[in-house]
Amino acid sequence: MNRYLAILAFLGLAGCGTQPSNSDALVERLSTRSGPVVVPRFVELQRKGSPGMQLGIVESGVSGTVLLEQTRGAFKTWLTPDGATIVTKNGMLHGLKGLGAGLLASKTSESLALVQSGQSGTVTRLHSFLSGNDEAVTRSFTCIVENKGPRNLAVGDKQIPTMLMQETCRNLSQSFFNLYWISNGDIVQSRQWSGDFLGAISMRELPNSI
Amino acid sequence: MKLRASSIGLLSCLMVSPAQAEFLSSFGTPGLIDLPSAEVLNDGELALTTSTTGATTKNTFTFQMLPRVYGTFRYGTIREFDLGVGNGNRYDRSFDLHFQIAEERQNRPAFAIGLRDFGGTGIYSSEYLAATKTFGNRLTVTGGLGWGRLAERGGFDNPLGAISDYFDDRPNVSAGGINTTGQLDFGSWFRGDAAFFGGARWQVNDRMSVVLEYSPDLYSRETDRGLANIKTPINAGVNYKFRNGVGLSAYVVGGNEIGAQLSYVLDPAKRRIPGGLEQAPQVLVPRESLAAASWNLADSGQSDQNLSQVLQSRLEAEGLRLEGVFVNSGNAQIRVENNRWGVEAQAAGRAARVLANTLPPEIETLEVIFLHKGVPITSVKTQRSDLYDLENDYDGAWRSQSRAQIQDANARTPEFLTGAYPRFDWGLNPFLSLSYFDPDNPVRYEVGAELSAGYQPTAGLTFSTTLRYPLAGNIATATRRSNSGLQRVRSDGVLYAAASDLEIRDLTAEYLFRPGNDLFGRVTAGYLEQMYGGLSAELLWFPVDSKLAIGGEINYVKQRDYDQLFGFRPYSVATGHVSGYYDMGNGFHAQIDAGRYLAGDWGATFALDREFNNGWKVGAYFTLTDVPFEEFGEGSFDKGIRFEIPISWISGKPSRDVTGQVIQPVVRDGGARLFVKNRLYGVTRDYRSNQLHNGWGRYFR
């Protein structure tokens, strides 16, 4: 009898205390999430009315809105509701933190120059990924940029004239292609590769209100 | 929108899809059905297999320790093998070692040499030379020469007999009786008749393959006991690999014995979600904007206190507990305790970001000192301008690593933040305790509630206790008692488990301190572990960027009562060791401890672990002392394999916790070491330069 009372008491109190434990983390991982997680950082940005961007993962079709958290120089950092960030530089995808393959940073200046100007050519780009062994691994790709001609893009209820640029990249073991819709030298919509884990991500900056 | 979680919902199971197919034999090693091949796993991979053939079940753990070498530990059950003894089943432990001499090339097969069951009880004892070649995309052919159990059928005179007559006959491996098990029977390696074996695998599609082999294994010991009936040397089987990496096989051995197998290969160096699930770090804000931050404005002398408070709450949000802040003329130093980040370099990066986003613009040098229980260990200094330059640099991880200054930090904290001490922590959690290899029951368990509490009145001094209350289990019902000829310092484990009420696992006062540069000290007194209480003192010399650390420990302990309350038994002993720890690079760590063990025996323990940066650890050790093998008893000397899995690898979220197990084939009394919490090397190595550099890829993450 005492043993059963002890078991009941324990089940009620298990996990209590100020010390973290192995079982907490495992239970959290294995239990199904009961609803969308929204971090206070994101709520704060919503309250301030930060500009937003439509973000989607092409292969799975999942999409949603991310909000601009910080601008420093040419870098913009966008925050997802559950606390992951996407860093873009002049519209080119630069890094992902908390999302997918651990893209730490990139060097895309050559691609950007051609894409913005509408010219075709061959460029090199670099991507640094976080390996499973916590090392930063930099990969370089050779890319061919082509101008695919004018396209009309539907934004809200307007039609914007844009120029479509395609960039096809490869190295010894990986290959991908990116698409950019350019209007007045700015990337207004794009589909860019984020790494092997998630694949291509589509981005479109929203007009200045959500 | 649940962008992150839903997009990876597909991969929510605990497993990672393998990049290539690896096929495991029923013996748990790369191979065909019963036969080994010359193949190996990818470097660092672990393979887990359970297979059943007729009356035999084999559970195997294989680790590819080096690109060409793998080792195997196997625990098998053969039902009704030993009728009349215990429950009649034979529980057999065996070890394998395999070395790939040459890799496969276009016009040459792969060659390998291996030892199967070398040094166990010898049921599967065999050696082999194997060659494997793939033809096209689908066909893999293996052929080889076997000795021992792999030469029972079609054996011919040993070709090695041409070198020496020594190889012509094979001695009976189990002739020495149970007390000689555990010794390496290299006296019988490659001796006796040899026979050919061979087979082929045909890959039908991405997931399925069929296997055919010609096996010289007659299962003679099993057949003698009526447990097997081998009609033909041809074995045939089918493998299917599921999307999540689990492999399922079905096969027929000898035309008569049906078998099935489940296997799984995992790569500890690959995380489930490579970038990790932790929240993104705070983005660096423009430096000048901080001049206007409210806590940085000089008004009515309140600015300092507000700065500390803001730092404290921001660091707390990153899982770092702030215990000291010192800011003057362009330099800032914070002293933190890392409670969250298993990769310490990531903790350093997060702390640096908080400093850069909080301190007034004129502060340039940012110093983060990591503490353990209030005792400083290492200082990581970065220049604030470097952070801004490198945050988004494609080579930022490497550049920040080369610019950071990592030094020993042994000066005591001059003044702690108010509220830092005294501290009180407690936790109530379930525990699971496992005990292996009792011949009557291979795995025994105990579950229950564990209460741990700690009180720290000041830095370095901790009063703590762990209490356990078992609620269910079958360890206590084991009937075998120790037959050890030595003082029973460990082999009475069952008697301790039989006391099934409240147990004081430990109750100690512990003092950690820094005697000087690169030196660490520890003194612990009280009930140190389940079976012993007393006094323990340790000193460690460990320079911040050294691969070598040297320490010495001395203990005086008395054996505790079986009920694990406050009483003691009469036996007491002084033990101590001198230890050398060496980081060999590439993740290999060696450790040698030499000294006096609990039974009064003198000797040394040799351990080698392979560690991955994410915290995975697989290793093995053995201890040789002046206790003769016969006196030690079954197993001959203490040895074991151990592994640790970081919880963050399973959950994807950062954590400092690990779960692990030491598997000792036999627990006896020779070479037994006292267990004390917070031995210094384990406590300090995470913050020394080598470990910090290992994880620096995550600095900006």
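The values are calculated or read from the model by the stated rules, or taken from the named source; none is laboratory data. The model shown is predicted, which means the values in this text are computed figures rather than measured ones. In this analysis, Cβ positions are derived from the backbone assuming ideal geometry, glycine residues included, and neighbour counts consider all displayed protein chains.
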Query - Unique match (being more than 19 Å from residue B:262 (Cα to Cα) and in a strand (DSSP E or B)) among B:111, B:73, B:81, B:63 - result: B:111
Query - Neighbours by Cβ (under 9 Å, 6+ apart or cross-chain): first from the range B:641-655, facing chain A (nearest Cβ under 8 Å); second assigned to a helix (DSSP H, G or I) and among the small types (Gly, Ala, Ser) - result: B:647/A:25; B:648/A:25; B:650/A:25; B:651/A:25; B:653/A:25; B:655/A:25; B:655/B:648
Requested in this report: Kindly check whether there is at least one residue in the range B:395-412 that is among the hydroxyl-bearing types (Ser, Thr, Tyr), within 14 Å of chain A (Cβ to nearest Cβ) and more than 21 Å from residue A:133 (Cα to Cα).
Outcome: no
Requested in this report: Mind telling me which of the residues A:133, A:152 ends up being more than 9 Å from chain B (Cβ to nearest Cβ), more than 13 Å from the chain's Cα centre (by Cα) and of a type in the set (S, T, N, Q)?
Outcome: A:152
Query raised in the report: So, of the residues in the range B:374-421 that are touching a Ser or Thr at 6+ places or on another chain (Cβ under 6 Å) and assigned to a loop (DSSP other than H, G, I, E, B), which turns out to be farthest from residue A:78 (Cα to Cα)?
Result: B:421
Query raised in the report: Taking the stated definitions as given, is residue B:445 more than 14 Å from every other protein chain (Cβ to nearest Cβ) and in a strand (DSSP E or B)?
Result: yes
Query raised in the report: Among B:539, B:512, which is the only one that is surrounded by 20 or more Cβ atoms within 10 Å (Cβ to Cβ) and among the hydrophobic types (A, V, I, L, M, F, W, C)?
Result: B:512
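How many of the residues making up the range A:121-164 are of a type in the set (A, V, I, L, M), in contact with a Gly (Cβ under 7 Å, 6 or more places away or on another chain), touching a residue at least 24 places away in the same chain (Cβ under 8 Å) and over 30 Å from residue B:700 (Cα atoms)?
Summing the residues that are of a type in the set (A, V, I, L, M), in contact with a Gly (Cβ under 7 Å, 6 or more places away or on another chain), touching a residue at least 24 places away in the same chain (Cβ under 8 Å) and over 30 Å from residue B:700 (Cα atoms) in the range A:121-164 gives 2.
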Report summary line: (1) within 14 Å of chain B (Cβ to nearest Cβ); (2) part of a loop (DSSP other than H, G, I, E, B); (3) among the hydrophobic types (A, V, I, L, M, F, W, C) all hold for residue A:172 apart from (1)
Requested in this report: Determine which member of the set B:575, B:477, B:508 is hydroxyl-bearing (Ser, Thr, Tyr), touching a strand residue (DSSP E or B) at 6+ places or on another chain (Cβ under 9 Å) and farther than 26 Å from residue B:632 by Cα.
Outcome: B:508
Report task. Please find, among B:160, B:66, the residue that is at pLDDT 90 or above and of a type outside the set (S, T, N, Q). Result -> B:66
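For every residue, the table says whether it meets (1) under 27 Å from the mean Cα position of the chain (by Cα); (2) modelled with pLDDT of 90 or more; (3) under 21 Å from residue B:682 (Cα atoms).
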| position | (1), (2), (3) |
| --- | --- |
| B:370 | yes, yes, yes |
| B:377 | yes, yes, yes |
| B:390 | no, yes, no |
| B:404 | no, yes, no |
| B:433 | yes, no, no |
| B:443 | yes, no, no |
| B:450 | yes, yes, no |
| B:459 | no, yes, yes |
Query raised in the report: Within the group B:485, B:534, which residue is more than 28 Å from the chain's Cα centre (by Cα) and modelled with pLDDT of 85 or more?
Result: B:534
Report task. Determine whether residue A:12 is over 24 Å from residue B:342 (Cβ atoms), more than 7 Å from chain B (Cβ to nearest Cβ), part of a helix (DSSP H, G or I) and at pLDDT below 90. Result -> yes
Query raised in the report: For the range A:40-128, list the strands (runs of 3 or more DSSP E) that sit wholly inside it and hold at least 1 residues that are more than 9 Å from chain B (Cβ to nearest Cβ) and under 17 Å from the mean Cα position of the chain (by Cα); which are they?
Result: A:52-57, A:63-72, A:75-79, A:85-89, A:92-97
Report task. Look through the range B:264-312, keep the residues that are under 30 Å from residue B:67 (Cβ atoms) and of a type in the set (Gly, Ala, Ser), and return whichever of them is modelled with the lowest pLDDT. Result -> B:275
**Report entry** So residue B:549, is it touching a residue at least 60 places away in the same chain (Cβ under 8 Å), closer than 29 Å to residue B:686 by Cα and touching a Phe, Trp or Tyr at 6+ places or on another chain (Cβ under 7 Å)
**Finding:** yes
Requested in this report: Kindly indicate whether any position in the range B:406-421 is surrounded by fewer than 20 Cβ atoms within 10 Å (Cβ to Cβ), in contact (Cβ under 8 Å) with a residue 40 or more places away in the chain and among the acidic types (Asp, Glu).
Outcome: yes
Query - Residue ranges of strands (runs of 3 or more DSSP E) in the range B:451-557 with at least 2 members closer than 30 Å to residue A:5 by Cα - result: B:461-473, B:503-516
Report summary line: The condition of being over 20 Å from the mean Cα position of the chain (by Cα), within 24 Å of residue A:74 (Cβ to Cβ) and modelled with pLDDT of 95 or more holds, among A:169, A:143, only for A:143
Query raised in the report: Which members of the range B:248-284 meet the condition of being within 30 Å of residue B:654 (Cα to Cα) and more than 14 Å from chain A (Cβ to nearest Cβ)?
Result: B:263, B:264, B:265
Query raised in the report: So which residues in the range B:593-611 are surrounded by fewer than 21 Cβ atoms within 10 Å (Cβ to Cβ) and farther than 20 Å from residue B:537 by Cβ, if there are any at all?
Result: B:603, B:604, B:606, B:607, B:608, B:609, B:611
Report task. Restrict the check to the range A:158-168 and report whether at least one residue is touching a helix residue (DSSP H, G or I) at 6+ places or on another chain (Cβ under 8 Å), more than 30 Å from residue B:286 (Cα to Cα), more than 8 Å from every other protein chain (Cβ to nearest Cβ) and of a type in the set (Asp, Glu). Result -> yes
Query raised in the report: When you look at residue B:476, is it over 25 Å from the mean Cα position of the chain (by Cα), farther than 23 Å from residue B:79 by Cα and at the interface with another protein chain (Cβ under 10 Å from one of its Cβ atoms), yes or no?
Result: no
Query raised in the report: Would a scan of the range B:423-439 turn up a residue that is under 26 Å from residue B:516 (Cα atoms) and either of a type in the set (Gly, Ala, Ser) or not in a loop (DSSP other than H, G, I, E, B) (or both)?
Result: yes
**Report entry** Some residue of the range B:85-98 being out of contact with any Ser or Thr (no Cβ under 6 Å at 6 or more places or on another chain), over 30 Å from residue B:444 (Cα atoms) and among the hydrophobic types (A, V, I, L, M, F, W, C)
**Finding:** no
Query raised in the report: If you scan the range B:136-174, which residues turn out to be among the polar types (S, T, N, Q) and in a loop (DSSP other than H, G, I, E, B)?
Result: B:137, B:158, B:164, B:172
Query raised in the report: Can you name the condition, by its number, that residue B:354 falls short on among (1) over 25 Å from residue B:423 (Cα atoms); (2) of a type outside the set (Asp, Glu); (3) part of a helix (DSSP H, G or I)?
Result: (1)
